[in-house]
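Asker: Handing you this structure, nothing more for now.
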Amino acid sequence: MLSANMVELAYLVASVLIIFALKGLASPASARRGNTFGMLGMGIAALVTLQVDAVQNYAWIIAAVGFGGLIGGVVARKVPMTHMPQTVAFMHSLVGLAAVLIAVSACYDPVAYGIANHEGGLYLASRIELFLGTFIGAITFTASLIAFGKLQGLLSGKPLVFAGQHMVNLILGVVMIGAGIMFCVSGAWLPFLIMLAVALVLGVLLIVPIGGADMPVIVSMLNSYSGWAAAGIGFTLGNNMLIVAGALVGSSGAILSYIMCKAMNRSLFNVLLGGFGGDSPAASSAGGAVAERPVKSGAAEDAAFMIGNARSVVIIPGYGLAVARAQHALKEMVDVLMAKGVDVKFAIHPVAGRMPGHMNVLLAEADVPYDIVFEMDEVNSEFADTDVALVIGANDVVNPAAKTDPASPIYGMPILEAARAEHVIVVKRSLAAGYAGLDNDLFYMDQTMMLFADAKKACEAIVQSLD
């Protein structure tokens, strides 16, 4: 067994490695190194934790690690990139569940956790820590399951709203906090269980009114919740590593959520209250209105001629690229264009896809050079001098209504200004609305040509025509 000082020193090293991991993950060029730091840090933390005196029975731990590792390995190999957002949401639910189970166990046997007073009950500080960790973990658990269901298609992606919804959430929040305070004062089981039950219900009610278009921010926010739940339980267990790691995850997730809210012209305050996305349009205008508007369409040969003779091309990937698994075919097309001397850039919107960094991961998987991948703020000023903007599977993030239509629900949302390019090619299977449920004015502009096709097949056909 390691001494207490050695344990804390190892935890400090692990914490520094996790900080380096977050720093590395801030850029695609250093993401692989960041992942390595993160795995090394968590590996050190896990091994050191197994050496503390409180661990008495290794059989259950080894069995749990083996079972969980087997499931994780199978899932990692079989889950496609298009299902990564719901996979992440499901993993968040497990973090929340773990926090709840530890809290229940600590309340049941505080002596075993070393948090019992001389009467065998919980210290006041421990009750407060358990209160915070439990309700955050419970909300994270059920909210993440609902997010998983929406992203997986098991539940409707449309907002589920009812009269007085915010008032119900407010009343439940007051009951939950009131029961938590009673638990902190008395240490009794009943208020603890009431708090737990209300928190589980509140987690569901906070997510059901949120539309599918807002799910990227919700995944990020739930990531933050899971971190704070872990930090709260870390205080209960007296585990500094868990406190630091949880705080890092919680704060970084909150910052990312704020950045994404700005990118979508949303309010983080509404996210926290569960009203986020509740006012999203219930239906698309892509019915009769779309049929009445003229649209120009072309073939892959036409697209190949346009981009093959262009000086500069900016490619805007979206969720359709991930669904079609077209990143490798797109990379082949980029190689051909660059060999012809075409200046090619990628433009990434902060909320493109279904989770933060979704498009960056897809492009990295296809070995697209990092130096031609740009964020929205870096590339928007170049669209006015761009010959062709090639939109592949993106929709809402290039919708000009965000800048031109004050009545639009996305008005004020920063977008990639593809409409400023001399020519626009949109690769899409149909004129169907995007995840926000809105028709896209870009499709009907004079300089826009629609290429109705699966993204992968379209890229392959364009490559053949370029050759």
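The values are calculated or read from the model by the stated rules, or taken from the named source; none is laboratory data. In this text, all values refer to a predicted model and were calculated from it rather than measured experimentally. Here the Cβ positions follow ideal geometry from the backbone for every residue, glycine too, while neighbour counts run over all protein chains shown.
Asker: Would you point out which residue out of GLU422, GLU417 is in the same structural domain as GLU378 (by TED's automatic domain parsing), among the acidic types (Asp, Glu), at pLDDT 85 or above and surrounded by 21 or more Cβ atoms within 10 Å (Cβ to Cβ)?
Answerer: Exactly one of GLU422, GLU417 is in the same structural domain as GLU378 (by TED's automatic domain parsing), among the acidic types (Asp, Glu), at pLDDT 85 or above and surrounded by 21 or more Cβ atoms within 10 Å (Cβ to Cβ), namely GLU417.
Asker: Return yes when ALA179 is over 29 Å from the mean Cα position of the chain (by Cα), modelled with pLDDT of 85 or more and in the same structural domain as LEU97 (by TED's automatic domain parsing) and no when it is not.
Answerer: Yes; evaluated as a whole, the condition is true for this residue.
Asker: Please determine whether any residue of region 58-71 is outside any helix (DSSP H, G or I) and outside the structural domain of ILE139 (by TED's automatic domain parsing).
Answerer: Looking through region 58-71, none of the residues is outside any helix (DSSP H, G or I) and outside the structural domain of ILE139 (by TED's automatic domain parsing).
Asker: Can you pull out the residues in region 11-27 that are surrounded by 18 or more Cβ atoms within 10 Å (Cβ to Cβ) and touching a residue at least 40 places away in the same chain (Cβ under 8 Å)?
Answerer: Passing the criteria: TYR11, ALA14, SER15, ILE18.
Asker: Same structure again: Need the failing condition index for ASN5 against (1) touching a residue at least 24 places away in the same chain (Cβ under 8 Å); (2) assigned to a helix (DSSP H, G or I), just the number.
Answerer: Unmet condition: (1).
Asker: Also, quick follow-up: Does ASP385 meet the test of being charged (D, E, K, R) and touching a strand residue (DSSP E or B) at 6+ places or on another chain (Cβ under 6 Å)?
Answerer: no
Asker: Within region 89-121, can you find the residues that are assigned to a helix (DSSP H, G or I) and buried (at least 21 other Cβ atoms within 10 Å of the Cβ)?
Answerer: Within region 89-121, ALA89, HIS92, SER93, VAL95, GLY96, ALA99, VAL100, ILE102, ALA103, ALA106, CYS107 meet the criteria.
Asker: Quickly run through region 197-223 and pick out the residues that are buried (at least 24 other Cβ atoms within 10 Å of the Cβ) and without any contact (Cβ under 8 Å) to a residue 60 or more places away in the chain.
Answerer: Of everything in region 197-223, just one residue is buried (at least 24 other Cβ atoms within 10 Å of the Cβ) and without any contact (Cβ under 8 Å) to a residue 60 or more places away in the chain, namely MET221.
Asker: Which is free of Cβ contacts under 8 Å to residues at least 12 places away in the same chain and assigned to a loop (DSSP other than H, G, I, E, B), of ALA394, ALA407?
Answerer: ALA407
Asker: For region 437-447, state whether one or more residues are over 25 Å from SER220 (Cα atoms), free of Cβ contacts under 8 Å to residues at least 24 places away in the same chain and not in a loop (DSSP other than H, G, I, E, B).
Answerer: So far as region 437-447 goes, no, none of its residues is over 25 Å from SER220 (Cα atoms), free of Cβ contacts under 8 Å to residues at least 24 places away in the same chain and not in a loop (DSSP other than H, G, I, E, B).
Asker: Which residue pairs have Cβ atoms under 7 Å apart, sit 6 or more places apart or on different chains, and have a first residue in region 179-195 that is at positive phi and touching a residue at least 24 places away in the same chain (Cβ under 8 Å) and a second that is surrounded by 17 or more Cβ atoms within 10 Å (Cβ to Cβ) and among the hydrophobic types (A, V, I, L, M, F, W, C)?
Answerer: Going by the 7 Å Cβ cut-off, the qualifying pairs are GLY187/LEU122.
Asker: Can I ask one more? Tell me, which residue of region 452-467 that is in contact with an Asp or Glu (Cβ under 9 Å, 6 or more places away or on another chain) and crowded, with 23+ Cβ neighbours inside 10 Å is farthest from ILE210 (Cα to Cα)?
Answerer: Checked region 452-467; the qualifying residue farthest from ILE210 (Cα to Cα) is ILE462.
Asker: Are any residues in region 345-391 in contact with a helix residue (DSSP H, G or I) (Cβ under 9 Å, 6 or more places away or on another chain), closer than 30 Å to LYS150 by Cβ and in a helix (DSSP H, G or I), and if so, which ones?
Answerer: Selection gives HIS358, MET359, ASN360, VAL361, LEU362, LEU363, ALA364, GLU365, MET376.
Asker: While we're on this one: Suppose the filter is within 20 Å of ASP214 (Cβ to Cβ), polar (S, T, N, Q), within 28 Å of the chain's Cα centre (by Cα) and surrounded by fewer than 21 Cβ atoms within 10 Å (Cβ to Cβ); does SER430 pass it?
Answerer: Here the answer is no, as SER430 does not meet what is asked.
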